[in-house]
Amino acid sequence: MPDLTKAEPIEIGRRHVAAAVIGNALEFYDFTVFTFFAVQIGHAFFPSGPHGFVNSEFGSLMAALGTFGAGFIMRPIGGIIIGSYSDRAGRRPAMMLSFSLMGAAILALAFIPSYSVIGVGAPVLAVLARLIQGFALGGEVGPTTAYLVEAAPANRRGLYASWQGASQSVSALVGGAVGVILAQIMAPDALETWGWRIAFLIGSLTLPFGIILRRSLPETLHKADHLPDYEHQGFIKGLRDHARPIVLGILVLAGGTIATYVLNYMTTFARNTLHMGASQSFAATFVLGLFGMISGLIGGLLSDLYGRRMVMVWPRLLFLVSIYPLFLWIVSAHSTFALLGGTALLSVFSNISSAAFYVAFVESLPRRVRSGIFSTVYASSIAVFGGTTQLFITWLIYITGNPLAPALYLMAATAVSIVAMWMMVESAPVRIAKETA
């Protein structure tokens, strides 16, 4: 029986990297656009009033945000099904499946008629589109991250895998820019009725390029023989046999997900809690994306040079000790410089550490089960903590009256993730070579 963990790496180029991360980029573009136009989407699919879907403007907005959150429900299911499919059939067909479903969902959101045209069918179709998209996204990250690690040279796995996170930052930047530009150049009535759909159509422009690029990807998972034990028991057996890295991965991803969604909340925090201007608030999103992209790539490179654990733990410790002082500075100074400077530093420390973790977690899993396990763990963490973090910290601020409440929640989650990172096995070739020399 061939050893699938010993397959020779392929030569990966920029086109391969782009093909692998384009789905993740589209995910975060959609995330940014949906939240930016949540009010308009609510009016289109969940209008308020005597003949509307809900009774109030608040109900319309909550229904729209609930539709967005519905996608989180399907992520673990997509992670299990598409991730396991990737371990059976290969990375390329799994990536093609998830990207095609994702593209169909974003196009549907752009073209579904409003409530005024087809009545209750509008919100039903909108929720269905989000469920399909959540299913696709749940199975997207595992196969693509596994592909990047398997295709990259051994001494560059961290750098190549870090593009997974960097693509999120790039797409968040683009999504925020599209939203701001449309809001500035279009009349309010036009933006309300149909202009918001343009943002989704712009995102859909990546679909033909993504499909073409992914169809040409060389496969990294090779199975010369039929493997009955794997076909029928591989995923469950993989969960049992690799319980330690899975538990540690869940704890790290919980802390990382909470950090991501707290930092993504900075625009809302500046606007609603600190009552700062719209331009200042949206600038925080831009800074978060820009510094997240740069520091994520740096983190991946550093993990190749100095090892995974060191680059995971030390920046995360800096992140932990800087959270409260930086939030205190932002709240007390109440200035644009403090908001942008504090957001930039938090983004740098968080993303350097996260880039090293992704490749370390993938390297800790055997090739035949890594996509399914990674997808499931990642999607489950996103579903549980990504779907609740912003709601929870908004509630904390409300009941405590303390604008520093998000910092305390973030510190607790970060402390747990640091312990888990420290307990992970070092997997960087440069460190293994030194330890065995």
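Key figures
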{"read-out": "Yes/no for Leu207 being surrounded by 18 or more Cβ atoms within 10 Å (Cβ to Cβ), more than 18 Å from the chain's Cα centre (by Cα), assigned to a helix (DSSP H, G or I) and not aromatic (Phe, Trp, Tyr)", "value": "yes"}
{"read-out": "Segment 138-163, subset of a type in the set (A, V, I, L, M, F, W, C) and open to solvent by 10 Å² or more (accessible area, probe 1.4 Å), residue farthest from the chain's Cα centre (by Cα)", "value": "Ala154"}
{"read-out": "Some residue of segment 102-121 being open to solvent by less than 10 Å² (accessible area, probe 1.4 Å), of a type outside the set (A, V, I, L, M, F, W, C) and under 18 Å from the mean Cα position of the chain (by Cα)", "value": "yes"}
{"read-out": "Residues of segment 253-288 satisfying the condition of being among the hydroxyl-bearing types (Ser, Thr, Tyr) and modelled with pLDDT of 75 or more", "value": "Thr257, Thr260, Tyr261, Tyr265, Thr273, Thr285"}
{"read-out": "Check on Ser353, touching a Lys or Arg at 6+ places or on another chain (Cβ under 6 Å), farther than 30 Å from Gln184 by Cα, part of a helix (DSSP H, G or I) and open to solvent by less than 40 Å² (accessible area, probe 1.4 Å)", "value": "yes"}
{"read-out": "Pairs where the first residue, in segment 382-411, is outside any helix (DSSP H, G or I) and the second is open to solvent by 20 Å² or more (accessible area, probe 1.4 Å) and of a type in the set (A, V, I, L, M), C-beta under 7 Å, 6+ apart", "value": "Pro403/Val331; Pro403/Ile397; Leu404/Leu328; Leu404/Val331"}
{"read-out": "Qualifying residue in segment 305-312 (condition: touching a residue at least 60 places away in the same chain (Cβ under 8 Å), assigned to a helix (DSSP H, G or I), among the charged types (D, E, K, R) and open to solvent by less than 10 Å² (accessible area, probe 1.4 Å))", "value": "yes"}
{"read-out": "Yes/no for Val180 being open to solvent by 10 Å² or more (accessible area, probe 1.4 Å) and under 16 Å from the mean Cα position of the chain (by Cα)", "value": "no"}
{"read-out": "Matching residues, segment 378-431, being under 24 Å from Asn272 (Cα atoms), among the β-branched types (Val, Ile, Thr) and open to solvent by 10 Å² or more (accessible area, probe 1.4 Å)", "value": "Thr388, Thr394, Ile397, Ile399, Thr400"}
{"read-out": "Test: Leu125 is at pLDDT 90 or above and in contact with an Asp or Glu (Cβ under 7 Å, 6 or more places away or on another chain)", "value": "no"}
{"read-out": "From Leu297, Leu302, Leu288, residue being under 21 Å from Gly179 (Cβ atoms) and buried (at least 19 other Cβ atoms within 10 Å of the Cβ)", "value": "Leu288"}
{"read-out": "Matching residues, segment 316-361, being among the small types (Gly, Ala, Ser), closer than 14 Å to Gly296 by Cβ and touching a residue at least 60 places away in the same chain (Cβ under 8 Å)", "value": "Ser347, Ser350, Ser353, Ser354, Ala355, Ala356"}
{"read-out": "Residue among Val348, Val369, Val362, Val331 that alone is part of a helix (DSSP H, G or I), at pLDDT 85 or above, under 26 Å from Gly71 (Cα atoms) and aliphatic (A, V, I, L, M)", "value": "Val362"}
{"read-out": "In segment 122-137, the residues that are more than 13 Å from Leu101 (Cβ to Cβ) and either under 18 Å from the mean Cα position of the chain (by Cα) or among the small types (Gly, Ala, Ser) (or both)", "value": "Ala122, Ala126"}
{"read-out": "Exclusive hit being among the hydrophobic types (A, V, I, L, M, F, W, C), surrounded by fewer than 19 Cβ atoms within 10 Å (Cβ to Cβ) and either within 22 Å of Tyr147 (Cβ to Cβ) or modelled with pLDDT of 80 or more (or both), set Ile12, Ile73", "value": "Ile73"}
{"read-out": "Which numbered condition Phe291 fails, given (1) under 19 Å from Leu328 (Cβ atoms); (2) in contact (Cβ under 8 Å) with a residue 24 or more places away in the chain", "value": "(1)"}
{"read-out": "Leading residue by the ranking (surrounded by the fewest Cβ atoms within 10 Å (Cβ to Cβ)) among those in segment 24-44 that are of a type in the set (Val, Ile, Thr) and within 19 Å of the chain's Cα centre (by Cα)", "value": "Thr35"}
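The values are calculated or read from the model by the stated rules, or taken from the named source; none is laboratory data. As the structure is a computational prediction, the values presented were derived from the model and not from experiment. A quick note on method: Cβ atoms are made from the backbone with ideal geometry, for glycine too, and the neighbour counts reach across all protein chains shown. What goes into the accessible areas is simple: the full protein's heavy atoms, side chains included, and nothing from ligands, DNA or RNA. Shrake-Rupley method; radii C 1.70, N 1.55, O 1.52, S 1.80 Å.
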